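Comments concern the structure below.
The values are calculated or read from the model by the stated rules, or taken from the named source; none is laboratory data. In this text, all values refer to a predicted model and were calculated from it rather than measured experimentally. Don't worry about glycine lacking a Cβ; one is built from the backbone with ideal geometry, like all the others, and counts go over all protein chains shown.
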Amino acid sequence: MDVNLLVLQLLNGLALGVLYLLIASGLSVIFGMTDIINFAHGALYMLGAYVGLSVIDATGSFWLALLLAPLSIGVVGVFLERTTLHRIYDRDPLYHIILTFGLTLMLSDAVEFIWGKSPQQFPGPDAITGAVALGPIFYPKYKLFLIVAGIAVAGGVWLLFEKTNFGLIVRGGAQSRQTVRIMGINISNYFTLVFGLAAVLAGVAGVLAGPFLNVTPTMGDQIIITAFIVVVVGGLGSFRGSVVAALLIGLVQSLGTVFVPQLTGFLVYLLMILVLLVRPQGLLGEYEVRSDSTKVTFSEIIEPVSITDKRALGLLGVLALVPLGMGSLYSPYFVGLLSLMFIWALLALSLDMVMGYMGLLSFGHAAFFGIGAYATGLFTMHVFNSFVAAAAVAIVVAAGVAWIIGALSIRLTGVYFAMITLAFAQMFHQLALTWNDVTGGSDGLTGMPTVDLFGAGLVSLGDTATFYYFALFVTVAAYVVTVKLLDSPFGRVVTAIRESERRVSFLGYDTNVYKRRAFALSGAIGGLAGALLATYQTFVSAGTLHWVVSGDVVIAMMFGGIGTLFGPMFGAGLFIGLQEILSSYTDQWRFVLGLLLVLTVMVAPRGLITVYSSVRDAVRLRMGSGGGPQRDAATDGGENR
Amino acid sequence: MSTILETENLTKRFGSLTANGDVNLTVESGTTHSVIGPNGAGKSTLFNLITGLLEPTSGSIRFNGEDITGESPHEVARRGLARSFQITDVFDGLTAFENVRVAAQFADDRRSSMWRSADSLTDAGGRATEILEDVGLADRSHQRAAEFAYGDRRKLEIGITMATEPDLLMLDEPTAGMGREDTISTVQLVQRLADERGFTLMLIEHDIEIVMSISDTITVLQRGEVIAEGTPDEVRADEEVQRAYLGGAQL
Amino acid sequence: MSDPLLSVDGIDAAYGQSQILRDLSLSVERGEVVSLVGRNGAGKTTTLRAILGILTPSAGTVTFDGDDVTHRPDYETVARGIQYVPEDRQVFPDLSVDENLRLGELKSKGAGTLTMEEVFERFPRLRERRANKGSQLSGGEQQMLVIARALVGKTDLLMLDEPTEGLAPQIVEDVIEIIESINDEGVTVLLVEQNVQAAMSVADRHYVINKGQNVFEGTTDEIRAADDVLEEHLGVGGESELSL
């Protein structure tokens, strides 16, 4: 073994680990105090790099950038917390996570708009260029600086937590918010400060990473996942755990590329799975995750619309007529777009089943979508060109994967579950990118045939109208089956688990069995959606597995109305439609989506389907025809949390 | 009389704190057995140990003659041991009927069937209706539990626990936070149901008068240890109990 | 006599749909030790929480030192000079004794009733254990710590929720002694107790509540004389006989 190479990789690992540490420690501290998983943290890191870039452009000084950029990110963090999260701390954590996801979209697109999409060079400080001789090897001075600076900042943060009153309050607050309040301290101000501090750290990481990694609008997307993994491996809410895990993961990554190059990109996930299996609370997890950090509750229950409802039948009637106008009233493109809406509706349905009905925060539904798509593509290419057969395979594989992911993650509480599912999906994304021979890597799976429904030339799904009818049929059928499923004895247990898992287990039910099975069923529907997607596109891109897709489904579900089955399907249609319309006007359509998502969470948490009834009630009230149903009054929990 | 529940040297420590120390307890079938003691005496911990929510540090638990130490809550529940919680735990988003039916459904082989309607389990539905009548919520069976007042939520929880047809029902402060009238009517209800349905009742209760009037046996806990066990009269006469209730300091 | 330090007038309070307090009133004069006794579930803890504003009363007013604090947030009321020692003690388990005390002192800005040094003189045991984490203390030590933590803050009124709960008899005596000596130095005390004898030994006046309502108010002698009150609302009768 080459000792020089080992030293080199150790140093590289440290450099990476230090970056992870700066980001993960912020995530971890925010979580420790507020139970919030801050998705926007990666975007703040990215924003830090860009602001730094602009400071350098203006002043030519790296050092000024290193000072000013983090401070401005801190201000942005405080502003975001005060205008959004601060107002909804009393809500279920699900909404917090989704809100920060919306913020991520907004930040990313704002950056693209201001600084452009293309990667940019980030000049390092003049004083620290070139390499330095460390014995027989030469090592870039900047990376050494990065290691030292990062450790210094982390050390400073540690001192801040250990030695100052601020740190004392934050540590106390992580243990008991209420007790800190009876020390006469307004803890909610510290939520803001902690958020700001974490943002500053993300900003520091952004500027330090600049000269070392490419500066792009997507640079936060991958690092946030790794940071999640760091937090999980280290132990949620534990600063020391984050330090250990960040350095460990940095080293595992850099040494892995040398010693087990074929596993590059997977090692981190494997490490996480290992830790979860052996020590679910993380290496140094000290704080127990508060049980209320996992809940999904609704102030009103909205039953799924029956398929025989007049309005539903009317809508289906209209949809059935759509292809007739093709060519005369509108182009086939429009019909195709509707087909795509059906596919997404199916995916949103699949997500709502576990998130809305069972309360499992799955942020990795892209996995089932992508797996279904790849399975269908590969099967039709290499085995038999039949949708029925391929979809059966896709469903079985996706359900199987879902079952396994479920089995590994389900005993963990909600927030962990969100991160774990996300990480698993990213692992499949990585697999699709690297397994070139099979998946076509980053080029995607090309060369798929036009798919026949039954095979051997029977009913080609290449025809726009045929595919449209078929997709409509599958979507409606899946909806009917899901509604029936949730109305079954099994479904009633599932819904009861959302309301109180403890209560259900004390009735004798093994809740994990139900959760696993529901997750597998959800995976099956996701796989079916993927099968349709592959058939529709006759192409599968690795992007289908990217976590942004998982996020998009969550958005679609929230738009429509979580926990209603039909709401998310409308939401998905709306999502695809909006995307289509917005993207024809602006490249920054995700900004608008993100904004809509944030507004939905803040103003209409049960989605657009409730806006109609809220407006109707309000109108009735104004017209004096007696009150509509009372909305559940907000409890006084807000300030008391 | 046969013994339904027996703990032997049951001990639970949280760090340096001993929440339960060498608790030996025997519950006879068909009786009403109360556990009393000051706050922090370890009553809820004892219930949590017996029902599998906590794992004991040492000692054993036997239920109907079988060792159930270390079993998880659903396994314990399947053996016929049901419980309520100090803070009412019902399915807020479901109707009263659905709340009870989910519990009643467990006895049916088709409890996790996916391809039939829950309504087709007519036995479970019938039993749920019956129980709602028993606990006095029949006329509101289609209201969501979240809309119920406190006392009614308590009654609903008792209904849910009963629907599993337990051999032993453990109630953790079933009347906490209730007005006096509600308290008495709830306790009477539970006892009547225990008689009718033939289950053994074990409860933690603070209202000493009620405890004295309904219990066959009383176990007194203090600082995690049993300081007395016996009939109401025996417990009343016990010197140590008097000290516990009047405070240890010589005043 | 001037206005009472604390005056609670006809408050109602509820947790969700469960109403705990109904038209409850009490007042505490400067320099007094007042006890609030009653059975478990009578609403004693809720009364303290409502005074502080952890739970906002749905009706009635709470006046402290002449100011209406009914709708003020808890942290603000604490900073005005009401310290609260909750029943479950709420020591920060992962903070050291020193750090626990520093958090208590933080908002008083030098106006604390005791300095850290005075605390350590009074509670030598805490000095010995000042580097230990809260979770490593015994029950008695934790009780000392939370009382000390309250006293390093601005303490015009000290509210103690069952401070003798679960403590060995010797420690109970210590705690009672501490309360007496704090009071001697001018701190007003509102004490919630289930241990009626302990309450009678330290407090000047007593409020008995049941099901969230006032049922009796009087001096120690008056309450001793009122056998029926003791029996009906506290479950104890006479001097030493337990009449359950």
Looking at A:Phe228, is it in a helix (DSSP H, G or I) and within 28 Å of A:Asp90 (Cα to Cα)?
yes
Check your understanding: Mind checking whether some residue in the stretch A:633-640 is modelled with pLDDT of 70 or more, assigned to a helix (DSSP H, G or I) and not β-branched (Val, Ile, Thr)?
Key -> no
Taking the stretch C:175-201 and the residues there that are away from every other protein chain (no Cβ under 13 Å) and small (Gly, Ala, Ser), the one that is farthest from C:Ala225 (Cα to Cα) would be C:Gly186
Out of (1) at pLDDT below 90; (2) assigned to a helix (DSSP H, G or I); (3) farther than 26 Å from B:Ala19 by Cα, the one C:Arg127 does not meet is (1)
Residues in the stretch B:131-143 that are within 21 Å of the chain's Cα centre (by Cα) and within 9 Å of B:Val100 (Cβ to Cβ) total 4
Of B:Gly52, B:Gly40, the only residue that is small (Gly, Ala, Ser) and either in contact with a Pro (Cβ under 7 Å, 6 or more places away or on another chain) or part of a helix (DSSP H, G or I) (or both) is B:Gly52
Residue count, the stretch B:71-96, condition in a strand (DSSP E or B) and of a type in the set (Lys, Arg), comes to 1
- Query: Does the stretch A:410-426 contain at least one residue that is within 14 Å of chain B (Cβ to nearest Cβ), closer than 23 Å to A:Val354 by Cβ and within 24 Å of the chain's Cα centre (by Cα)?
  - Reply: yes
Wholly inside the stretch B:120-218, helices (runs of 4 or more DSSP H) that include 3 or more residues that are surrounded by fewer than 23 Cβ atoms within 10 Å (Cβ to Cβ) and assigned by TED's automatic domain parsing to the domain that holds B:Val100 are B:122-134, B:150-163
C:Ile171 under 16 Å from the mean Cα position of the chain (by Cα) and within 22 Å of B:Ser16 (Cα to Cα): no
For the stretch A:101-112, check the following and say yes or no: at least one residue is modelled with pLDDT under 85 and more than 18 Å from A:Val51 (Cβ to Cβ). no
Check: When you look at C:Ala50, is it farther than 30 Å from C:Arg127 by Cβ and more than 15 Å from the chain's Cα centre (by Cα), yes or no?
Finding: no
Of B:Ser29, B:Ser2, the only residue that is out of contact with any His (no Cβ under 9 Å at 6 or more places or on another chain), away from chain C (no Cβ under 14 Å), touching a residue at least 60 places away in the same chain (Cβ under 8 Å) and surrounded by fewer than 16 Cβ atoms within 10 Å (Cβ to Cβ) is B:Ser29
For this session: Kindly indicate whether A:Ile23 is closer than 19 Å to A:Ala227 by Cα and not in a helix (DSSP H, G or I).
Result: no
Fill in: Flag for B:Phe91 being within 18 Å of B:Ile131 (Cβ to Cβ), surrounded by fewer than 24 Cβ atoms within 10 Å (Cβ to Cβ), of a type outside the set (A, V, I, L, M) and within 9 Å of chain A (Cβ to nearest Cβ)
no
Selection over the stretch A:572-595 where residues are in a helix (DSSP H, G or I) and either aromatic (Phe, Trp, Tyr) or touching a residue at least 40 places away in the same chain (Cβ under 8 Å) (or both) yields a count of 13
Restricted to the stretch A:506-546 and to residues being among the hydrophobic types (A, V, I, L, M, F, W, C) and within 15 Å of B:Met114 (Cβ to Cβ), the residue surrounded by the most Cβ atoms within 10 Å (Cβ to Cβ) is A:Ile525
Considering the stretch A:455-492, residues that are of a type in the set (S, T, N, Q) and outside any strand (DSSP E or B), and then whichever is farthest from A:Gly327 (Cα to Cα), we arrive at A:Ser488
Checked against (1) free of Cβ contacts under 8 Å to residues at least 40 places away in the same chain; (2) within 9 Å of chain A (Cβ to nearest Cβ); (3) not small (Gly, Ala, Ser), C:Asp88 satisfies every condition except (2)
Checked pairs for the stretch B:64-77, first within 14 Å of chain A (Cβ to nearest Cβ), second surrounded by 15 or more Cβ atoms within 10 Å (Cβ to Cβ) and among the aromatic types (Phe, Trp, Tyr), C-beta under 7 Å and 6 or more apart or across chains, list as B:Pro73/A:Phe506; B:His74/A:Tyr509; B:Ala77/A:Phe506
When restricted to A:Phe363, A:Phe334, A:Phe379, the only residue part of a helix (DSSP H, G or I) and under 25 Å from A:Ile555 (Cβ atoms) is A:Phe334
Check on A:Gly491, touching a residue at least 60 places away in the same chain (Cβ under 8 Å) and within 14 Å of another protein chain (Cβ to nearest Cβ)
yes
Picking from B:Thr186, B:Thr164, B:Thr175, the residue that is under 20 Å from B:Ala138 (Cα atoms), within 14 Å of chain C (Cβ to nearest Cβ) and β-branched (Val, Ile, Thr) would be B:Thr186
Going through the stretch C:13-29 in order, the residues found to be surrounded by 16 or more Cβ atoms within 10 Å (Cβ to Cβ) and away from chain B (no Cβ under 14 Å) are C:Leu24, C:Leu26, C:Ser27, C:Val28, C:Glu29
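With respect to C:Asn132, determine if the residue is away from chain A (no Cβ under 14 Å) and among the polar types (S, T, N, Q). Before you say what the answer is, go through the steps one by one.
Working: away from chain A (no Cβ under 14 Å): yes; among the polar types (S, T, N, Q): yes.
Here the answer is yes, as C:Asn132 does meet what is asked.
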Note on the stretch B:219-231: residues touching a strand residue (DSSP E or B) at 6+ places or on another chain (Cβ under 6 Å) and surrounded by fewer than 20 Cβ atoms within 10 Å (Cβ to Cβ) are B:Glu225, B:Ile227, B:Glu229
Residues in the stretch A:456-482 that are surrounded by 19 or more Cβ atoms within 10 Å (Cβ to Cβ) and under 30 Å from B:Arg116 (Cβ atoms) total 8
Within the stretch C:58-80, residues buried (at least 22 other Cβ atoms within 10 Å of the Cβ) and within 11 Å of another protein chain (Cβ to nearest Cβ) come out as C:Asp74, C:Tyr75, C:Thr77, C:Val78
